[in-house]
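Note sheet for the following structure.
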Amino acid sequence: MWFITTLLEFLGNPEVAGWNEPMYKVFYVLTPPMVALLGVGTLYLLTHKPWGKYFLLYTIGLSIPLFILGLTAPVQSDYFALGSEIAGKAMPGYVRIFSPLMTIPGGVALIFGAIYSFWLDRSRKYNLLIALGGFFPFFGGMRARLGDPTLFYTFETLGALFLFIGFILSMEYIRKRETKT
């Protein structure tokens, strides 16, 4: 999902290809569930299974109407010229309402879950990178939603970089732990 949304976001830049209605709709309906699923994964890793399961059901429950409404909603194509500054502006409010209901709890679960995991075992310093990897896109997305998309791509790139490095270091941590036993 991350690859698809990032690719669509890149292609949506007017200097590359520019947005079109199908591309924008697919981008818009995939982004909030993707963020929520990062939170689902965090909850499954750090809490008793029912919390992850409940948040997964919540995510699915919101994703279904988001997909249906988002893929069939009229889009204000005059916003396409904004490129990355478009955020959700081209979608009607009854579709846009789903985004914060998934991205905020998903982002919070990812960020604070990584911090909590570090707090439990301070040898897992990679969790701080994962927390930063969640924070940067969360912050950039909130700024864009509030009307200031400057540095949006910078925040997204930093987030992807920190998440990737944190993931690689976590795999190394697990590999070292398994070879000791």
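Quick notes on this one:
- Condition met for Ala114 (surrounded by 20 or more Cβ atoms within 10 Å (Cβ to Cβ), among the small types (Gly, Ala, Ser), modelled with pLDDT under 90 and closer than 30 Å to Asn127 by Cβ): no
- Test: Phe27 is free of Cβ contacts under 8 Å to residues at least 60 places away in the same chain, closer than 20 Å to Met142 by Cβ and aromatic (Phe, Trp, Tyr): yes
- Enumeration of residues in the range 55-84 that are within 17 Å of the chain's Cα centre (by Cα) and modelled with pLDDT under 95: Ser84
- Every condition in (1) within 17 Å of Val29 (Cα to Cα); (2) modelled with pLDDT under 95; (3) within 17 Å of the chain's Cα centre (by Cα); (4) surrounded by 17 or more Cβ atoms within 10 Å (Cβ to Cβ) is met by Arg145 except one, and the failing one is (4).
- Only residues that are of a type outside the set (S, T, N, Q) and surrounded by fewer than 16 Cβ atoms within 10 Å (Cβ to Cβ) were counted across the range 154-181, and they come to 14.
- Residue within the range 89-96 that is under 28 Å from Gly52 (Cβ atoms) and crowded, with 16+ Cβ neighbours inside 10 Å present: yes
The values are calculated or read from the model by the stated rules, or taken from the named source; none is laboratory data. For clarity, every value in this text was computed on a predicted model and none was experimentally measured. No Cβ is skipped: glycine too gets one built from the backbone with ideal geometry, and neighbour counts run over all protein chains shown.
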